[in-house]
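Notes follow once the structure below has been shown.
The values are calculated or read from the model by the stated rules, or taken from the named source; none is laboratory data. Everything quoted here is computed from the prediction, not taken from an experiment. Every residue, glycine among them, receives a Cβ derived from its backbone with ideal geometry; neighbour counts consider all protein chains shown. For the accessible areas, the whole protein counts, side chains as well, though only heavy atoms, and no ligand, DNA or RNA atoms are used. Shrake-Rupley method; radii C 1.70, N 1.55, O 1.52, S 1.80 Å.
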Amino acid sequence: DSYGMFVEMDKMDGEMDVQIKKKKKIKKKERLENMKKEMDIDDHEITIEELEMKYTTSVTKGLTTNMAQQVLERDGPNELKPPKGTPEYVKFARQLAGGLQCLMWLYLAITLIAVVVQALVIRDGQKNQINANMLVVGDLVEIKGGDRVPADIRIISAQGCKTRSPECTHENPLETRNIAFFSTTCLEGVATGVIINTGDRTIIGRIASLASGVGNEKTPIAIEIEHFVDIIAGLAIFFGFTFFVVAMFIGYAFLEAMIFFMAIVVAYVPEGLLATVTVCLSLTAKRLARKNCVVKNLEAVETLGSTSVICSDKTGTLTQNRMTVAHLWFDNMIHAADTTEDQSGQSFDQSSETWRALARVAGLCNRAIFKPGQDTVPIPKTLSRYLAKADRQPQPKMAQLGLIYLLVMKGAPERILERCSTILIKGQELPLDEQWKEAFQTAYMDLGGLGERVLGFCHIYLNEKEYPRGYRFDTDEMNFPTSGLCFAGLISMIDPPRATVPDAVMKCRTAGIRVVMVTGDHPITAKAIAANVGIISEGSETVEDIANRLRIPVEQVNKRDARACVINGGQLKDMSSDELDENLRCHPEMVFARTSPQQKLIIVESCQRLGSIVAVTGDGVNDSPALKKADIGIAMGIAGSDAAKNAADMILLDDNFASIVTGVEQGRLIFDNLKKSIAYTLTKNIPELTPYLIYITVSVPLPLGCITILFIELATDIFPSVSLAYEKAESDIMHLKPRNPRKDRLVNEALAVYSYFQIGAIQSFAGFTDYFTAMAQEGWFPLLCVGLRSQWEDVHLQDLQDSYGQEWTFSQRLYQEYTCYTVFFVSIEICQISDVLIRKTRRLSVFQQGFFRNKVLVTAIVFQLCLGNLLCYCPGMPNIFNFMPIR
Amino acid sequence: MEPNTTAGGDEEQHHGDDPANATGESEQKDELEMVSASHQEEQQEELAQHQPLEAEDLDFEKWKPKPKPKKTFSQKMDELKRYLWNPETREFMGRSGKSWSLILLFYSALYIFLAAMFAACMWALMWSINPYIPTYNDRVMPPGMMMSPRGPNGFDISFNASDRRSWVKYVAALEAYLEPYDDSIQEQQNIQCPQDAYFIQDDKEESAERKACQFKRSWLRECSGIEDPSFGYSEGKPCILLKMNRILGYLPGQGTPINVTCAAKRGGQENLGDIEFFPKSIFNLKYYPYYGKQRHVNYTNPLVAVRFPRVQLDTHFSVQCKLNGKGIINDSPTDRFLGSVTFSLEVGA
């Protein structure tokens, strides 16, 4: 029995965790042995007596308090351990610095207001209400409708107990009959059971811990920055070494040359870059936060932009997560109902008599209740919403219609049809002959093929004489007719897609992003929804579709002809990773159905193997491993569980898939703009470095001092480089393919070389021209400057002659040097202003982009000029920051 | 239309308790129950199709990330070699010869252009700059002050009068310094200027050579080194020479000659004794303005020789000599040599 196996696996895994610490070789052997040994234990198959034995408990009295205390000490509290991560105070300190702290604090507050779950436990034969985290294995607990199941429970006795769990049974094939899983919700009924697993050892706990086991992948931007650092370091060392050799050649002492080498390497570091990147990313994060995407990790902003595959969960993300009437079959016609969230769409013709009857049956059969204030909502609307709660088993119900009783029944269509002898057509009861039955079958198949859940409805007016007023109906005795009923119609329901999703999927597609649906749902439903939202586009066929159309066996179909592909968990299990890769390669439109959390992980890994940057959206605990594994995990803010939010890099506050598209757009924009910013920031490195190189090689008085360099890097140039982040998109970036992470680097050689050896060289040229001019105008002609360094810097030489024979003291020369710094500084500033205009655009002309459209940039240039003026002309600057007023 | 809730409720209970049903006790009393059971079967079918999790699915170990295999050093070296020279594509560092030569061509063109432009700028600069008068001279004003001789570690004069080796370096420096001031050279090159006023020669052509006034070494008398070639060092009565840094076109003192004073900052003024100045304690106006080394070829800075005839022996003095006059700054906090010079003096027996 497969179920039994996974319970064992639980235990085995717990032991395995311990073993990890041991040596690997031993581990492998022991694991195999353990696997064999543990196979025999079977919590759900053993009898209750055996269960009592195993957990030393009693199904009537529960554990003794002492025993419970002991077990609690052994196993620890029944709660999920938060994944190991950065200590909170470090996070706090980091957050303090960010601009997002307000939103983050809000999020924190929301997380803290989690209600403490209580559980009803029987110990020593006494019923007690205790906190769920105090529960231990072997405890006897009672759950009732509305409770959250506090741990994995083997059910001993139950009355009408139903559990529903978005995390396990609903989405995943973790289905069994006598086990209720931790964190699922008991919908109705009462049950008593023995706890078999607590805390991290529960199925959900295991899934959640899987998430923390998945390593955090480096974000693409982090990789980019690493790559960039490599380039910079390479160039720095290259330059440093070259000039080390040159300096040695010129005749400097080894130590002096070493100092030059170090100074060059240090001077090469773009100090302002980190600040620029961080500020640019924060700005985008802020912009996204306004659009309901909260970014937990700044780098994730860019990741979203480079995303090439989105693995989306279905329930709650693509769909509204509520069953809604989609189609009705009556009068031998399929009518489409309005499935939009706000009931704004077109409705069907409701004039038929049959509809009235069907509506009455459906209305009577459903167990929905009007919420306060909904009294005025028209029945068809509410009906289509609340029918969702119905289930498929035939359920007769009595209703009093004046003097007579009406028996109404709903259930699985074929079962209902079996009980019917007539069918309601246009208000007329017609005998249910073979022709109608065929019509029914066709309609049933059609609706079923749409992936919808179909219910049949029938009714019968009970004879007044046989069933007078006050007749006591007894469902156990069945003292009423259960056959020969009148068939009213079929109603099919589906969890309809959100209104914004098809559009968003379309946008993703034009942006070259594959949207892959990964769901725990049934393949047919998944396929239907996928087709509905455009994940499987119109006209795309699966291999099976082609086989059906051509009437050939599936094996004969060329796989590459099929654009779409639906793979279910069972198939996935038998696939090797190569096969999966192959499938992902040849079918652009993929739907994975009936997948387990681990399989979600495989799918993400496979996409990543193919070189894609993968975004995963999800809400449940079962999604958390995949969220963690993905390059960017996107959790739902409203429906999302804490585990999912923890594992995610980004949270959609409005649960809207369309927000992702906005995120992608912003991410792409920031990548483009970061490129501009970095290019801008890098350029000035060369004019900052060359003065030093010339100073070493040609021995001119130093043209540019360190303080001045720092002012360029950290004061005047920061604002313009950040302002590039506000640059509008040059073209429709959402019509481009996602960047190829291997080719389209943030900083590639071309960009570095262009910045350094072209623009940088031109800027240096400008700087030196100005420097020599400033020197010559004060009496130091260029040819005199060459080789002047040792005399210029001699503190005892207080009467150094310039080209005119004038004699300068050391301090006078020093102030002249400061003047040169300032002149060089201003030259770089002016060049950088033109540089920022060059960098404004990468593809368009600056005239097409518009000079003044980026207001921030204009402000930045004005600011830069003002700051430059302040530095030059503010009194006291010469002695504090080595700036001299220049003409 | 009152729904009969009791009936419905009962039914629900019966059909809702799936978990309990599954364990056993299947009593199919009536038709409805049978229907329910067969329905259950259908659900079972569905379940089978769903493929519940199996052992391998829960082998969590399998999904934990594995470290990437590390490349060995030789592999890395091979890759590097291949990167440097790929024999298949005949590429050096990922580029073919043609690509490299185009790059080289572009950069040589760019840099030749930049260099040419720089040269042109420098040429234009030198062309636009007046070789006789500097465009600005505000950085060099007001004048600094300098002395001779200087010690090996800067501005300190310490010697023993009896130890020739301790002062010979000072004497040599003074001798060298005063060489252009030799009377014969002065008489030969420069003119005599009798009047005590600025010697302005602006009426000449801009590029014409200006005449310079004589400053004869003999005027320095005891400090001239003519009578006493040891400049008084052998007697413990040292001489130093002071000079005001020259500035093109500068007219010091605005009509009144700049005056020089010296005082002991440390060591006590009375111990330093009298101080003698030669030829006078002023810089005569006739040596100004200076017309620059192009036009004032033979210009010699006027000097003031300072002699310390009665300095107390074996005492460490710190002596400050200052220029005093209109437009002179001698107390700059940032520049100790602006209009003043400070040196240490220690004379041994």
Self-check item: Scan of the range A:267-293 for residues that are free of Cβ contacts under 8 Å to residues at least 24 places away in the same chain and within 20 Å of A:Glu226 (Cβ to Cβ), ordered by number
Solution: A:Leu274, A:Thr278
Exercise. Count, please, the residues in the range A:444-463 that happen to be in a loop (DSSP other than H, G, I, E, B) and out of contact with any Lys or Arg (no Cβ under 7 Å at 6 or more places or on another chain).
Key: 4
Practice problem: Only one of these is of a type in the set (Phe, Trp, Tyr), open to solvent by less than 10 Å² (accessible area, probe 1.4 Å) and within 14 Å of another protein chain (Cβ to nearest Cβ): B:Phe317, B:Phe343. Name it. | Solution: B:Phe343
Self-check item: Residue that is modelled with pLDDT under 80 and either within 14 Å of chain B (Cβ to nearest Cβ) or surrounded by fewer than 19 Cβ atoms within 10 Å (Cβ to Cβ) (or both), where the choices are A:Asp545, A:Asp561, A:Asp578, A:Asp574
Solution: A:Asp561
Quiz item: Just a yes or no: is a residue in the range A:499-517 within 14 Å of another protein chain (Cβ to nearest Cβ) and in contact (Cβ under 8 Å) with a residue 24 or more places away in the chain?
Solution: no
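Please report, ordered by residue number, the strands (runs of 3 or more DSSP E) entirely within the range B:258-309 with at least 1 residues that are among the acidic types (Asp, Glu).
B:276-278
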Quiz item: How many of the residues making up the range B:225-266 are free of Cβ contacts under 8 Å to residues at least 60 places away in the same chain and buried (at least 18 other Cβ atoms within 10 Å of the Cβ)?
Solution: 2
Quiz item: Scanning for something away from every other protein chain (no Cβ under 14 Å) and in contact with a Lys or Arg (Cβ under 7 Å, 6 or more places away or on another chain), does the range B:133-146 turn up at least one residue?
Solution: no
Quiz item: Considering A:Leu689, A:Leu653, A:Leu674, which residue is open to solvent by 10 Å² or more (accessible area, probe 1.4 Å) and under 27 Å from A:Ala725 (Cα atoms)?
Solution: A:Leu653
Exercise. Report, ordered by the first and then the second residue, all pairs with beta carbons closer than 6 Å, sequence separation of six or more or different chains, a first member in the range A:219-245 that is small (Gly, Ala, Ser), and a second member that is open to solvent by 30 Å² or more (accessible area, probe 1.4 Å) and outside any helix (DSSP H, G or I).
Key: A:Ala222/A:Glu299
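What helices (runs of 4 or more DSSP H), lying completely within the range A:765-850, carry at least 3 residues that are within 14 Å of another protein chain (Cβ to nearest Cβ) and not aliphatic (A, V, I, L, M)?
Passing ranges, in order: A:810-839.
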Exercise. Quickly run through the range A:506-534 and pick out the residues that are more than 22 Å from A:Met323 (Cβ to Cβ), of a type in the set (A, V, I, L, M, F, W, C) and part of a helix (DSSP H, G or I).
Key: A:Met506, A:Cys508
Self-check item: Pair list, Cβ < 7 Å and 6+ apart or interchain, from the range B:148-163 residues that are more than 10 Å from chain A (Cβ to nearest Cβ) to residues that are aliphatic (A, V, I, L, M) and open to solvent by 60 Å² or more (accessible area, probe 1.4 Å)
Solution: B:Asn160/B:Ala349; B:Ala161/B:Ala349; B:Ser162/B:Ala349
Exercise. Name the one entry in A:Ile223, A:Ile203, A:Ile264 that is crowded, with 22+ Cβ neighbours inside 10 Å, of a type outside the set (Lys, Arg) and modelled with pLDDT of 70 or more.
Key: A:Ile264
Quiz item: Is there a residue in the range A:742-751 that is touching a residue at least 60 places away in the same chain (Cβ under 8 Å), away from chain B (no Cβ under 14 Å) and open to solvent by less than 10 Å² (accessible area, probe 1.4 Å)?
Solution: yes
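Hey, can you tell me all the residues within the range B:276-302 that are in contact with a Lys or Arg (Cβ under 7 Å, 6 or more places away or on another chain) and not polar (S, T, N, Q)?
Correct list: B:Glu276, B:Phe278, B:Tyr290, B:Tyr291, B:Arg295, B:His296.
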Exercise. Mind listing whichever residues of the range B:104-119 are open to solvent by less than 80 Å² (accessible area, probe 1.4 Å) and more than 9 Å from chain A (Cβ to nearest Cβ)?
Key: B:Ser108, B:Ala109, B:Ala116, B:Ala119
Practice problem: Go over the candidates B:Ala197, B:Ala176, B:Ala208 one by one and state the one that is of a type in the set (Gly, Ala, Ser), over 30 Å from A:Ala774 (Cβ atoms) and touching a helix residue (DSSP H, G or I) at 6+ places or on another chain (Cβ under 8 Å). | Solution: B:Ala197
Quiz item: Only one residue in A:Ser731, A:Ser721 is more than 14 Å from chain B (Cβ to nearest Cβ), small (Gly, Ala, Ser), surrounded by 20 or more Cβ atoms within 10 Å (Cβ to Cβ) and out of contact with any Asp or Glu (no Cβ under 7 Å at 6 or more places or on another chain), so which one is that?
Solution: A:Ser721
